[in-house]
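Q: Here it is, the structure in full.
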Amino acid sequence: MSNVAAQMSNKDQTFMDAALAEAAAAASRGEVPVGAVIVSGGEIIARAGNRTIELHDPTAHAEVLAIRATCTELGHDRLEDCDLYVTLEPCAMCATAISFARLRRLYFGAGDEKMGGVEHGPRIYAQPTCHHAPDVYGGISERESARLLRTFFKERRT
């Protein structure tokens, strides 16, 4: 795992900007503002924001929804040539889904000390039982990602 924020390409920033837009859309729906996009061949295949409240589904995290949409679009359950951009460090459930889908790379924005499953908490990819670990790059658009989350939760507390 490494922090490559300073080394990001314009395309990487474009993909993270798309994930940030999905996070902002989730916030406008009253969902926790997390957004994700999956990319293959330099093109966005799927995009999603959290929809746990709307769908009455605790598994409807942005990452899981984007994985499902990509698998449907590509007609395959293995996404070995795909990269995921997400605004928040994936939780243990999402990190495991990323592993099961065999995503090639994971780029995420803000770390999540409380519920993260990649660099915090259970560190799914460091477990000996993990069959596939993507290349992981944290801290991509970290400030913007964290700001969306702080603003969202601050508004709910007041």
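Q: Which angle from 0 to 90°, rounded to the nearest 10, does the C-alpha axis of helix 62-74 make with the longest principal axis of the chain?
A: 40
Q: Amide H of A46: which non-local residues (sequence gap of 5 or more, or other chain) have their own amide H closer than 5 Å, using H built in the peptide plane?
A: I38
Q: Still on this structure, I have one more. Given an 8 Å cut-off on Cα distances and at least 6 residues of separation, report the relative contact order of the chain as a percent. Intermediate values should be presented prior to the final figure.
A: Working: 346 pairs, mean separation 35.4, N = 158.
Reported as a whole number, the value is 22 percent.
Q: To continue, here is another question. Note the angle between two axes, namely the Cα long axis of helix 10-28 and the longest principal axis of the Cα atoms of the chain, as a number of degrees from 0 to 90, rounded to the nearest 10.
A: 40
Q: For A146 and T129 in one chain, what is 0.36 nm times their gap in residues minus the Cα-Cα distance, to one decimal in nm? Write down the numbers at each step before the final one.
A: Working: separation 17, 0.36 × 17 = 6.12 nm, distance 3.08 nm.
Result: 3.0 nm gained on full extension.
Q: Moving on to the next point. Counting DSSP beta bridges with both partners in the chain, what percentage is antiparallel, nearest 5?
A: Details: 12 of 22 bridges.
Roughly 55 percent of the DSSP beta bridges within the chain come out antiparallel.
Q: Kindly write out, for the range 45-50 in residue order, the coupling ³J(HN,Hα) from the Karplus curve 6.51 cos²θ - 1.76 cosθ + 1.60 (θ = phi - 60°), rounded to whole Hz, with x marking Gly and Pro.
A: 8, 8, 9, 7, x, 3
Q: Can you give the helix-only mean residue ellipticity at 222 nm for the chain, where every DSSP H stretch with n ≥ 4 adds -39500 (n - 2.57) and the sum goes over all residues, rounded to the nearest 500 deg cm²/dmol?
A: Values: 4 runs with 58 residues, N = 158.
Calculated from helices alone, the mean residue ellipticity at 222 nm is -12000 deg cm²/dmol.
Q: While we're looking at this one, here's another question. Packing-wise, with mean Cβ within 10 Å as the measure, how do 15-25, 140-150, 112-122 rank, highest first? Spell out each step's value before the answer.
A: Values: 15-25: 21.7, 140-150: 18.9, 112-122: 16.9.
Going by the mean number of other Cβ atoms within 10 Å, highest first, we get 15-25, 140-150, 112-122.
Q: On a 0 to 90° scale, report how tilted helix 142-157 is relative to the longest principal axis of the chain, with both axes built from alpha carbons and the result rounded to the nearest 10.
A: Taking Cα atoms only, the helix is inclined about 40 degrees.
Q: Roll a 1.4 Å probe over the protein chains and send me the accessible area per residue for the range 1-138 in Å². If you can, show how the numbers build up before the last one.
A: On the way: 6570 Å² over 138 residues.
Per residue, the range 1-138 has 48 Å² of solvent-accessible surface.
Q: If you don't mind, there's one more thing I want to ask. What's the extension gain from T14 to K154 if we count 0.36 nm per residue and subtract their Cα-Cα distance?
A: Details: separation 140, 0.36 × 140 = 50.40 nm, distance 2.74 nm.
That works out to 47.7 nm of additional length.
Q: OK, next. Looking only at the range 73-158, where both bridge partners belong to it, what percent of the DSSP beta bridges are antiparallel (to the nearest 5)? Kindly include the intermediate steps, with their values, before the conclusion.
A: Values: 1 of 9 bridges.
For the range 73-158, the DSSP antiparallel bridge percentage is about 10.
Q: Could you tell me what fraction of 2.2 N^0.38 Å the Cα radius of gyration of the range 26-110 comes to, as a two-decimal ratio?
A: Values: Rg = 11.8 Å, N = 85, 2.2 N^0.38 = 11.9 Å.
Its radius of gyration relative to the 2.2 N^0.38 Å reference: 0.99.
Q: Let me ask another. Can you send over the carbon and sulfur percentage of the accessible area for the chain, probe radius 1.4 Å, protein chains only?
A: On the way: 4090 of 8160 Å².
Carbon and sulfur atoms account for 50 percent of the accessible area of the chain.
The values are calculated or read from the model by the stated rules, or taken from the named source; none is laboratory data. Here the structure is a predicted model, which is why all the values come from computation and not from measurement. Backbone-built Cβ (ideal geometry, glycine too); neighbour counts: all protein chains shown. For accessibility, only protein heavy atoms count, side chains too; no ligands or nucleic acids. Shrake-Rupley method; radii C 1.70, N 1.55, O 1.52, S 1.80 Å.
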